[in-house]
Structure formats: C-alpha cells, structure tokens
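The values are calculated or read from the model by the stated rules, or taken from the named source; none is laboratory data. In this text the structure is predicted, and so the values were computed from the model without any measurement. Quick reminder, even Gly has a Cβ in these numbers, built from the backbone with ideal geometry, and neighbours come from all protein chains shown. Ligands, DNA and RNA are excluded from the accessible area calculation, which covers all protein heavy atoms including side chains. Shrake-Rupley method; radii C 1.70, N 1.55, O 1.52, S 1.80 Å.
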Amino acid sequence: MTVNQLATKYAFSVVTMPEGEKIVSGCYVGDLLSWVMGRAKAGNVWVTIMSNLNVVAVASLVDVSCVILAEGVTLDKEIVDMAVEKGVNILSSSKTAFETLKDIASEL
Amino acid sequence: MSEFVNFHFDVDGDNFVSAGQASVKVKKNLREMGLDPDIIRRVSIAMYEGEINMVIHAGGGVADVNVYKDYIEIILDDHGPGIPNVELAMQEGYSTASDHVRSLGFGAGMGLSNMKRYTDDMQIDSTVGVGTKITMRVNME
Ligand SMILES: Nc1ncnc2c1ncn2[C@@H]1O[C@H](COP(=O)(O)OP(=O)(O)O)[C@@H](O)[C@H]1O
Ligand SMILES: [Mg+2]
C-alpha cells in the first residue's frame with residue numbers, strides 16, 4: 001500500500017505528501033531520535049509526537065515512508081516547508097499512537 | 001586512493017534546532033552520484049549522529065566526506081572539550097546532554113553506538129581540552 005492510499009483509506013490529515021507513491025512497510029514508534037535512527041527500517045511508518053525540525057532530517061535520513069504525528073501534534077510552517085523540500089511525507093492523527101496503529105497495523 | 005570526491009562542511013555550533021543540515025546535504029549529493037541506497041543511508045545516519053554530537057557537545061567543527069572507489073570516509077573534527085572516557089561514552093544510554101537537548105529528542109546516549117553500528121570502521125581520537133576527531137569508513141561492497 002502507498003502512503004497516499006493509507007492516508008485516504010484511514011482518513012488521516014495530510015500535513016505534507018511530496019512523495020505519496022512510497023510503499024509503507026512495517027512501523028517504528030518513538031520520540032528519541034537516536035533510537036529511531038538505530039532501529040527503524042527504510043520504508044517504515046514512523047509514529048511520533050515530536051514536532052521539531054529534526055524530525056524531518058531523521059525521517060529523510062532513515063528513509064521512512066511517512067511520519068504519522070499522533071495525539072494531534074502540529075508543525076510550524078517552517079517545518080512543513082522543509083518536509084516538502086526534503087520529500088518527507090507527514091500525516092497526522094488526533095488519536096494516540098496505539099489507537100492509530102491499531103487501525104492500520106494490518107496494512108503494514 | 002586515486003580519484004575521489006570531497007564534500008566539506010563547517011558545522012555551526014550555535015543552532016541545535018537546525019543541526020544536521022550537512023548530513024542531509026550529503027545524502028542528497030550521494031544520491032545524485034547514484035550510490036546504493038543502503039550505503040547512503042548508513043553514511044548519512046552515521047554522519048548525522050556525529051554532526052549532532054559536534055553541535056551539542058563541542059560547539060561545532062568541520063566535517064569532510066570523501067568518496068573513494070571502494071569506500072566512503074567521514075571525518076568529523078572539533079575543538080570541543082574532548083571525551084574523557086571513550087569506552088564509557090560508547091556505552092548505549094550514556095549521555096551528558098542537557099535537558100534542553102533532550103527535549104529536542106537527542107541525548108539518548110545512542111549516537112556513538114549508532115555510528116559504530118552503521119560503519120565498517122570507526123576511530124575516535126579525543127584529547128580532553130583539545131578536541132575530538134572521529135574517522136568512519138563505510139565500504140562500498
Ligand atoms: N564530539 C564530542 N565532543 C565531546 N564529547 C562528546 C562528543 N561526542 C560525544 N561526546 C560525549 O559522549 C557521550 C555519548 O555520545 P552519544 O552516544 O552520541 O550520546 P548523546 O549524544 O545522546 O549524549 C555524550 O553525551 C558526550 O558526553
Ligand atoms: Mg549523540
């Protein structure tokens with residue numbers, strides 16, 4: 001399933017979708033950036049509540065298929081612009097990380 | 001070591017929030033060179049961890065990435081406080097990062113171990129009061 005399809009099927013809010021054809025596979029949940037860099041795999045969906053610029057850098061370096069911001073976390077415009085520039089897809093959900101993943105787990 | 005490409009960066013020690021831009025740039029450059037995505041991923045994550053360390057622990061420094069035919073070398077050089085006990089610093093979870101740095105998602109104490117994990121060779125040359133030079137190598141194979 002692509003990030004585009006995931007967003008549509010599960011009605012996520014789309015924060016950025018510069019590369020919506022990326023394929024989602026597996027998931028990593030976490031807010032500590034070194035853990036994400038050490039453990040997440042390319043193509044994973046990354047669920048986090050972090051909202052600073054480093055999220056964009058880490059998402060890009062790790063090659064995650066998309067970031068899902070849980071708990072209704074929002075991003076400053078500057079960060080959104082950077083994500084678009086770096087080709088980082090970002091979705092958001094008002095649910096907790098657990099509830100978000102419960103919905104989409106079977107697709108990953 | 002005949003033909004090689006060098007990318008050089010001055011890493012500014014003032015801005016924690018926008019730190020890591022050199023590594024993101026390297027990733028883009030290596031992609032444009034058509035290198036293997038997994039190699040690019042390893043190089044850029046290892047460099048990012050080192051770049052962040054230079055910013056949060058050492059007040060900035062210089063970074064060089066040298067792309068040779070058979071391997072990529074990453075050299076991070078700073079004039080920060082140095083690392084008193086490298087063996088301790090290498091342990092997962094050991095960190096002297098401030099609360100502010102932690103609030104940005106850094107300071108998990110996993111940076112050096114990630115650098116080791118993602119590279120084929122890593123040398124730490126650090127002297128207290130002088131600085132730290134880290135040389136990493138990722139083989140192309
Ligand atoms: N370039 C550096 N200059 C001085 N100290 C450093 C440097 N890099 C790492 N350190 C020391 O090693 C510790 C562990 O580094 P690391 O594994 O990256 O964890 P973290 O950066 O999350 O603290 C740091 O907390 C710091 O005390
Ligand atoms: Mg670190």
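Take the residues of segment A:68-106 that are of a type in the set (Ser, Thr, Tyr) and open to solvent by 80 Å² or more (accessible area, probe 1.4 Å): which is nearest to A:Phe12 (Cα to Cα)? Full working, then the answer.
Step one: filter segment A:68-106 for residues of a type in the set (Ser, Thr, Tyr), giving A:74, A:92-94, A:96, A:100, A:106.
Right, trim to open to solvent by 80 Å² or more (accessible area, probe 1.4 Å) and you get A:74, A:94, A:106.
Working: A:Thr74: 13, A:Ser94: 9, A:Ser106: 16 Å.
The extreme case among them is A:Ser94.
Just checking, how many residues over segment B:97-118 are more than 13 Å from chain A (Cβ to nearest Cβ) and within 17 Å of the chain's Cα centre (by Cα)?
Here the count works out to 0.
Pick out the one residue from A:Val62, A:Val80, A:Val88, A:Val24 that is within 21 Å of B:Gly107 (Cβ to Cβ) and either touching a residue at least 24 places away in the same chain (Cβ under 8 Å) or basic (Lys, Arg) (or both).
Only one candidate passes the filter, namely A:Val62.
Would you check if A:Lys22 is exposed (fewer than 14 other Cβ atoms within 10 Å of the Cβ) and farther than 21 Å from B:Gly20 by Cα?
On the way: exposed (fewer than 14 other Cβ atoms within 10 Å of the Cβ): no; farther than 21 Å from B:Gly20 by Cα: yes.
No, not satisfied.
Looking only at residues in segment B:56-77 that are within 9 Å of ligand 1 (Cβ to nearest atom) and closer than 14 Å to B:Leu112 by Cβ, which one is most open to solvent (accessible area, probe 1.4 Å)?
Step by step, filter segment B:56-77, then rank; the result is B:His57.
For B:Ile56, are the conditions met, namely being away from ligand 2 (no atom under 12 Å from the Cβ) and at negative phi? Walk me through how you get there before you give the answer.
Details: away from ligand 2 (no atom under 12 Å from the Cβ): no; at negative phi: yes.
No, not satisfied.
Taking segment B:100-136, which residues are within 15 Å of ligand 2 (Cβ to nearest atom) and charged (D, E, K, R)?
B:Arg102, B:Lys116, B:Arg117
Among the candidates B:Val43, B:Val11, single out the residue that is within 14 Å of chain A (Cβ to nearest Cβ), assigned to a strand (DSSP E or B) and open to solvent by less than 40 Å² (accessible area, probe 1.4 Å).
Just a single option satisfies the conditions, and that option is B:Val11.
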